[in-house]
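Written below as structure tokens is the structure these notes are about.
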Protein chains: 4
Amino acid sequence: MNYQRILENIGQQVQREFGKGKVADYIPALARVPPKKFGITVATVEGDEFRFGDSEEPFSIQSISKVFALSLALKLEGAKLWTRVGREPSGNPYNSLVQLEKERGIPRNPFINAGALVTTDTVVSYDQNAGRTMLEYVRHLSQNPAVQYDEEVAMSEKEYGHLNFAMSYFLKSHGNLRCNVEDVLDVYFHQCALAMSCTDTARAFLHLANRGTSPISGEKLVPARRAKRINAVMLTCGLYDAVGNFAYRVGIPAKSGVGGGIVGVIPGVLSICVWSPELDAIGNSRVGAKVLELFTTKTKLSVF
Amino acid sequence: MNYQRILENIGQQVQREFGKGKVADYIPALARVPPKKFGITVATVEGDEFRFGDSEEPFSIQSISKVFALSLALKLEGAKLWTRVGREPSGNPYNSLVQLEKERGIPRNPFINAGALVTTDTVVSYDQNAGRTMLEYVRHLSQNPAVQYDEEVAMSEKEYGHLNFAMSYFLKSHGNLRCNVEDVLDVYFHQCALAMSCTDTARAFLHLANRGTSPISGEKLVPARRAKRINAVMLTCGLYDAVGNFAYRVGIPAKSGVGGGIVGVIPGVLSICVWSPELDAIGNSRVGAKVLELFTTKTKLSVF
Amino acid sequence: MNYQRILENIGQQVQREFGKGKVADYIPALARVPPKKFGITVATVEGDEFRFGDSEEPFSIQSISKVFALSLALKLEGAKLWTRVGREPSGNPYNSLVQLEKERGIPRNPFINAGALVTTDTVVSYDQNAGRTMLEYVRHLSQNPAVQYDEEVAMSEKEYGHLNFAMSYFLKSHGNLRCNVEDVLDVYFHQCALAMSCTDTARAFLHLANRGTSPISGEKLVPARRAKRINAVMLTCGLYDAVGNFAYRVGIPAKSGVGGGIVGVIPGVLSICVWSPELDAIGNSRVGAKVLELFTTKTKLSVF
Amino acid sequence: MNYQRILENIGQQVQREFGKGKVADYIPALARVPPKKFGITVATVEGDEFRFGDSEEPFSIQSISKVFALSLALKLEGAKLWTRVGREPSGNPYNSLVQLEKERGIPRNPFINAGALVTTDTVVSYDQNAGRTMLEYVRHLSQNPAVQYDEEVAMSEKEYGHLNFAMSYFLKSHGNLRCNVEDVLDVYFHQCALAMSCTDTARAFLHLANRGTSPISGEKLVPARRAKRINAVMLTCGLYDAVGNFAYRVGIPAKSGVGGGIVGVIPGVLSICVWSPELDAIGNSRVGAKVLELFTTKTKLSVF
């Protein structure tokens, strides 16, 4: 398939979509990202890459990092992790405390904030240098030793992070946080502040399209079974409370972040990352979702 | 792949799982179904079929019928249907009114009861003989003119159906029911009471594994795009509030019913229907879910 | 105290309050009530009465009738009634189903719709002519044999009463409705449609200010203990989800209706009924509440 | 009325009620309070006092302190306070976050934890020495300069206070906390840890039974209007989610604490404080509520 031409077609087609969403503004460092930034990278299991626009410019991956935290936590803790966090779609905004109260401190899934606090806490509970470990893990997955935390974003997340403090203390009050709130949040705010390009991100997710093995290095990064399962959690829980709509329109496992990135996985075929900072009301990249919809329509690739 | 041997292996393997669930008992006609009934049918897009156990015995398909109602409603109403019903997982029990109140009478998806009342109402609003039309549609899809409504079950559903009456009047109070409550419920209770075997059901869903076209007759039953979308809705909403867990363990679009049936679709490959009346706490067939988990594990087939 | 002068002062003072609320419009018969209708009647335990404005014109008492239904149900069923309905403020709108689902069909109190359906059902379960019995009871309490059901309002309530149908079926589905839905609703819609004047209503509530005994006839209408308790339920549950605010501003047991009536009880002293059809956002008479606030401020009468 | 004899009768009568409740055990300092401790003090507006049992032994007043915080906050902030906290019964447990989320950080009333955090924050925002000010205020009201914070309890509250941290950060995230979380909680945990006897407490509330004026010193402690209003808030919000039941059974404004104290006010007549540490499921003193019920029954005093 001529992915390059498809990306260019799509790039053309979505021009009229810009200007309709709203850049995340809960912290200054995100609020000043130029709204028209727009990049795409496709990485195939054959090892090819196709890029469009600002594909090499690092952006704040935000909640996309929740997949890395889940992957590390599953590696460290195994299936026991699921006693502390569910894997059902929440049907509620990602930062809601309602469900958490009703379900006595067990977050609905690892991709809402409370759930990611639990996976991060798990990593921290095994590893005093969890922040460094997480960074090395992401550098390894993306084959890019230059991936960095954006310290300004991390500080800003902390400064405006009262709700995450509230959620952490709430988890603590339910006995579902092993470590110190401050320690967990330090790692959490940093992972949200990971600065990665579309290419970094597409590469970091490529093994999930290839049964857990890097098609480049041949290294088994996660067992095939776990890759499949992480994809399943992405499909049912990866786009906040728009998972059903996204599955309907796009039809692939994916994870979004309020930085405007969305990364998708087409098992057996490819990974794809789009970045466009304008968000819809739910917090997903408007243009990003449109790009992925056009991509699966044009390529006729989808899991359904 | 030797599906027959796989089915037999699985049949063996799940023997120890019987006796742990609970047959639906909210109506007498369901309560007296022998709990050890157990059948499987696999239908492939090549036109082969593989059967195990009580695969030819009709059972009450119950909520599986919601897929037929959605398919008919989409055919009649097109995308406008989605203004009256969402397509997000509910994160709540299938018969909950809470969400419906919060979301002002727009059911979360067509596979919870309230949502199916809307799709059925849509069909009834186009067709005075909706009950007959539905039956003919299902007979056609399953290639079995002998498929029938179980009138005893239908009457029983009505007698004990106060909650469905409540939901219908609630939809009506929000202006989201076009027809008369009694008329809609008559069709609704009948479709829930469709008696179909595993083979009937697997056949009726086979086109969804084949881009909408019957691999037997070559007839285009639904457009490819709609088949893909119905699969997406099944994956994100088809197993009540256990969709995430089912996607994780099994990884295919599927729809369950409290009669103990679960039908799954592996796009491009096959459809499969299992029947075992013992339910788990959420209302899905315990053995049925286990069979599908073993099937996707052994065949390495899944959408992820 | 010169109640007459106080009423006239208040009547003057609230002139500027008219035109700010909204007459109930969910049924045509209520929607066409002239918004400036305004009456007050005070009835004292000494047997005096003081009237202002349209105090003799019958209006639709609506939810005020829930106090009569409670009184009758307590007489028939005694304390057992409280196993089927609570007596806590709901903290939710009067027609909400959310709480009813969470609390498994036990309405929070007898003054929200669901609770009144339970008290009415109780009356119907004891008495085949509950509609007639209720009417006679109210005529007796108000010493006015001319009190009538407004049949047009009753029919209209039924025609637009889908939500009450929904609630009744919901109660039924939880086993908390003894009688037939249609029978209960027929009585319910009629009692809501009772047409009574301010004077009728103030008289009908006067015994609650006098330990259960009519100061006119000397008849013990309810035991002193029950009068006190009905007052307690009115204070904590009588003004929908504005009870706290009303207690704070006014400080007396009271019950409102969407017809624009509010009746209050000052134990040991008097009963008072105001009618002004313009409602606030919560469904209480705007001017009515203001009148009662001014009345307790000027007279320095309140239970606190 | 012979209050002394009434208290003694009641003391006799409730003997069989001991042993049925459960002492608060969320912090060690409360868990080890002997469950059979039992004291009562009645203070009348004539200046008489009647005591029974352990009436002079200080106990942890816990949530009773929320009335002091409200009184101080109203004094400092006036009616503007009600833009930051409601005055409606919550219908939910006192430590629930659900409602707070739904209502965007405005606590339902000042007697649930979140609401008391807002009143305490208000006091702290006016006064750098809020902890000391609060203590002096309570000493003045109770005419007992020996009233103290129990530092062990305060420390313990902090150590186990994750939920209060969560709530404070949640309020902060909604912009409804002016001061620093740590500073507000320090004062909050201390006021909960006030150690006062039944006599101290009854005296501290006596002005609320006397239109705001101390009948002993003649000092106007709060304006009459505010006293009446604080009583109203106590009646509708003072007993967690049992206010309706308490109004029904007892019928007076009151405030309870998980230390086992309940203080009640009978306007124009007296204040009464009971202490018995065994709690019911909702968190109110079991014996305490029974004592107050018997007291209002025997004396025929109640606001209804």
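Taken together, the values in this text are just the output of simple stated rules run on the coordinates, not laboratory data. Please read all numbers here as calculations on a predicted model, not as lab measurements. Neighbour counts are summed over all protein chains in view; Cβ atoms, including those assigned to glycine, are modelled from backbone coordinates with ideal geometry.
Quick notes on this one:
- On the principal axes of its alpha-carbon atoms, the protein assembly as shown has extents of 93, 67, 58 Å, going from largest to smallest.
- Highest-MSF residue in chain D out of D:Q13, D:Q191, D:Q148 [GNM, Cα springs under 10 Å]: D:Q13
- Sparse-neighbour loop sites [trypsin sites (Lys or Arg not before Pro); the range D:263-304; at most 11 other C-beta within 10 Å; DSSP]: D:K300
- Residue among D:S142, D:S285, D:S96 with the largest mean-square fluctuation in a Gaussian network model of chain D, springs linking Cα atoms under 10 Å: D:S96
- Note on C:R16, A:R178, D:R211: ascending count of other Cβ atoms within 10 Å places them as C:R16, A:R178, D:R211, the fewest first.
- Greater than 19 Å apart at Cα, pairs in D:K37/D:K290; A:K102/A:K255; C:K22/C:K300: A:K102/A:K255; C:K22/C:K300
- Distance distribution note for the range A:186-258: the fraction of Cα pairs above 16 angstrom is 58%.
- Restricted to Cα atoms, the range B:154-304 shows a radius of gyration and a Dmax of 16.8, 49 angstrom.
- In a reduced charge model with +1 at each Lys and Arg Cβ and -1 at each Asp and Glu Cβ, the range A:64-192 shows a dipole moment near 580 debye about its Cα centre.
- Shape of the range D:1-46 from the C-alpha gyration tensor: oblate (a/c of 1.5 or more and a/b not above b/c, with a ≥ b ≥ c the square roots of its eigenvalues).
- Chain A - Cys residues lacking any other Cys C-beta under 4.7 Å: A:C179, A:C192, A:C237
- Scattering curve values for the range B:154-194, log₁₀ I(q)/I(0), Debye with Cα scatterers, q = 0.14, 0.26 Å⁻¹: -0.28, -0.85
- A Förster distance of 30 Å, applied to the separation of the beta-carbon atoms of C:Q128 and C:A224, puts the FRET efficiency at 0.45.
- When only the Cβ of Lys, Arg, Asp and Glu is charged (+1, +1, -1, -1), the dipole of chain D relative to its Cα centre reaches about 1060 debye.
- Evaluating kT/(6 pi eta Rh) at 25 °C and 0.890 mPa s, with the Kirkwood radius of the range B:86-163 over Cα pairs in the Stokes-Einstein relation, gives 171 µm² s⁻¹.
- Förster-model FRET efficiency, 25 Å R0, A:K36 and A:N9, C-beta, rounded to 0.05: 0.85
- Cα-based Rg and Dmax for the range C:111-241, where Dmax is the largest Cα-Cα distance (Å): 15.4, 45
- Chain A, relative contact order [Cα under 8 Å, separation at least 6], %: 27 percent
- With a simple spin-label model that places each label point 7 Å from the Cα along the Cα-to-Cβ direction, the separation between C:K102 and D:Q148 comes to 4.2 nm.
- Rounded to whole Å, the principal axis extents of the Cα atoms in chain C read 53, 41, 36, largest first.
- GluC sites (Glu not before Pro) restricted to DSSP loop in the range D:140-241 with at most 13 other C-beta within 10 Å: D:E219
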